[in-house]
Amino acid sequence: MSSPLQSLAVSAPAKINLLLRVIGKRPDGFHELETVFQEIDLADCLTLTEQPEKIELTCDSGPLPTDNRNLAVRAALALQQMTGTRKGCSIDLRKRIPLSAGLGGGSSDAAAVLLGLNRLWNLDLKPMALLKVASELGSDVPFFLHGGTAYATGRGEQLRRLTATPPYFGVLIYPNLAISTKEVFAAGKFSLTNSENYFTFKFVSSSMKNPAQWTDRFGNDLERVVFERYPQLQELIVELRRAGAFYAHMSGSGSSVFGLFDSELAACSAKICFDPYDRWVFRPVYRQHRSLS
Ligand code: C5P
């Protein structure tokens, strides 16, 4: 018989939004979205170690709070509350995904804690139970329980798996700006939800197979709001296209922007043009779904 786990390393990948449409404002104050999430190979790393009762977080990123304002801590507390366990844990977070960048870093850390503690604490929670607690933590958290490529509606928590897109290489640029998602949605002054605004899953899933159509069909509705305040992000996108990207947009509510290229060589060459910024060449991660057991 194997001995119980005491410590576990879990990866928390970033996402980009290949398209993001705001369908409208909802009565609960959130916005109805239609989006495609794509997991990418830039990730935070968390080490979870069992200890009695207390939840503690250490982190190598200065500005991030380590108390229960941190979504990773809230995820562990939510599991304790839900299951009544007396087990606790220390979480060591190595941050690689930039903060408030539209890449889902905090949400992914929370999902990694849910997946990791389900194993470390032997909770045996089923996917539906994890999804419920994930959607209470934040709109993007459920996606990170699945990973891969997903079509999302609702607040972003209603997910349907998409088949893998044709392969590409991306350049991701972080323009050293932290943008609040809440403020972007509020500044957008979107009108009430009109369900006729949806593209539909069928249209999106068939378009996903043909990246040459993406520029004409897709985009990010939050760019209008963010570019008004930060025109330099729009300029970066123009530069990415000039550098050969076949598709370039802002991710989520910003501030990061990405460009997609047909080859690794093209992506690496383009990356050189954006010298003063933090930037990465990335690849999409394709998977059926992350292990939920
Ligand atoms: O769900 P999450 O906590 O990540 O969202 C942060 C903020 O972004 C929300 O408080 C809300 O103001 C806004 N938001 C929204 N509609 C969504 C997702 C987020 O208005 N679908």
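The values are calculated or read from the model by the stated rules, or taken from the named source; none is laboratory data. No experiment lies behind these values; they were computed from the predicted model shown. Note that we place each Cβ from the backbone using ideal geometry, even for glycine, and neighbour counts take in every protein chain shown.
Looking at the structure I just gave you, is Leu114 surrounded by fewer than 24 Cβ atoms within 10 Å (Cβ to Cβ), out of contact with any strand residue (DSSP E or B) (no Cβ under 7 Å at 6 or more places or on another chain) and either modelled with pLDDT of 95 or more or of a type in the set (Asp, Glu) (or both)?
So Leu114 does not fit the description; no.
What single numbered condition from (1) closer than 19 Å to Leu33 by Cβ; (2) away from the ligand (no atom under 16 Å from the Cβ); (3) acidic (Asp, Glu) fails to hold for Glu136?
Here Glu136 clears every test but (2).
Under 6 Å by Cβ, and 6 or more places apart or on different chains, what pairs join a residue from segment 142-160 that is more than 10 Å from the ligand (Cβ to nearest atom) with one that is among the basic types (Lys, Arg)?
From residues that are more than 10 Å from the ligand (Cβ to nearest atom), the pairs are Gly147/Arg287; Gly147/Arg290; Gly148/Arg287; Ala150/Arg161; Tyr151/Arg160.
Scanning for something more than 30 Å from Ser206 (Cβ to Cβ), buried (at least 20 other Cβ atoms within 10 Å of the Cβ) and in contact with a strand residue (DSSP E or B) (Cβ under 7 Å, 6 or more places away or on another chain), does segment 121-140 turn up at least one residue?
Yes: one or more hits.
Of the residues Glu50, Glu34, which is more than 15 Å from Asp109 (Cα to Cα), over 23 Å from the mean Cα position of the chain (by Cα) and part of a strand (DSSP E or B)?
Of the residues listed, the single one that is more than 15 Å from Asp109 (Cα to Cα), over 23 Å from the mean Cα position of the chain (by Cα) and part of a strand (DSSP E or B) is Glu50.
Can you tell which of Ile16, Ile55 is at pLDDT 95 or above, buried (at least 22 other Cβ atoms within 10 Å of the Cβ), β-branched (Val, Ile, Thr) and under 26 Å from Ala178 (Cα atoms)?
After applying the criteria, what remains is Ile16.
Cβ-Cβ under 9 Å, sequence separation 6+ or interchain: first residue in segment 126-141 and outside any helix (DSSP H, G or I), partner among the acidic types (Asp, Glu). Which pairs?
Cβ pairs passing all conditions: Gly138/Glu157; Ser139/Glu157; Asp140/Glu157.
Which one of Arg241, Arg217 is in contact with a helix residue (DSSP H, G or I) (Cβ under 7 Å, 6 or more places away or on another chain), of a type in the set (Lys, Arg) and farther than 25 Å from Gly29 by Cβ?
Numbers: Arg241 fails: in contact with a helix residue (DSSP H, G or I) (Cβ under 7 Å, 6 or more places away or on another chain).
One residue alone meets the criteria, Arg217.
Being aliphatic (A, V, I, L, M), within 22 Å of Lys271 (Cα to Cα), touching a residue at least 24 places away in the same chain (Cβ under 8 Å) and surrounded by 13 or more Cβ atoms within 10 Å (Cβ to Cβ) narrows it down to one of Leu222, Leu233, so name that one.
Answer to the check: Leu233.
State whether one or more residues within segment 23-37 are surrounded by 22 or more Cβ atoms within 10 Å (Cβ to Cβ) and among the basic types (Lys, Arg).
no
Report, by residue number, each residue of segment 200-213 that is surrounded by 16 or more Cβ atoms within 10 Å (Cβ to Cβ) and closer than 22 Å to Gly154 by Cα.
Hits for segment 200-213 are Val204, Ser205, Ser207, Met208.
Could we say that Phe246 is over 28 Å from Ile23 (Cβ atoms) and at pLDDT 95 or above here?
no
Restricting attention to segment 1-14, and to residues there that are in a loop (DSSP other than H, G, I, E, B) and in contact with a helix residue (DSSP H, G or I) (Cβ under 9 Å, 6 or more places away or on another chain), which single residue is farthest from Asn194 (Cα to Cα)? Full working, then the answer.
Within segment 1-14, the first condition is being in a loop (DSSP other than H, G, I, E, B), and the residues that meet it are 1-6.
Now narrow it down to the ones that are in contact with a helix residue (DSSP H, G or I) (Cβ under 9 Å, 6 or more places away or on another chain): 4-6.
On the way: Pro4: 51, Leu5: 49, Gln6: 50 Å.
For segment 1-14, the residue satisfying everything is Pro4.
Which residues, counting only those in segment 172-194, are away from the ligand (no atom under 15 Å from the Cβ) and either on the phi < 0 side of the Ramachandran plot or touching a Lys or Arg at 6+ places or on another chain (Cβ under 8 Å) (or both)?
Scanning segment 172-194 gives Leu172, Ile173, Tyr174, Pro175, Leu177, Asn194.
Tell me yes or no: at least one residue of segment 15-27 is touching an Asp or Glu at 6+ places or on another chain (Cβ under 8 Å), within 16 Å of the ligand (Cβ to nearest atom) and not in a strand (DSSP E or B).
There is at least one residue in segment 15-27 that is touching an Asp or Glu at 6+ places or on another chain (Cβ under 8 Å), within 16 Å of the ligand (Cβ to nearest atom) and not in a strand (DSSP E or B).
Just to be sure I understand, how many residues within segment 102-125 are in contact with a Lys or Arg (Cβ under 7 Å, 6 or more places away or on another chain) and away from the ligand (no atom under 16 Å from the Cβ)?
2
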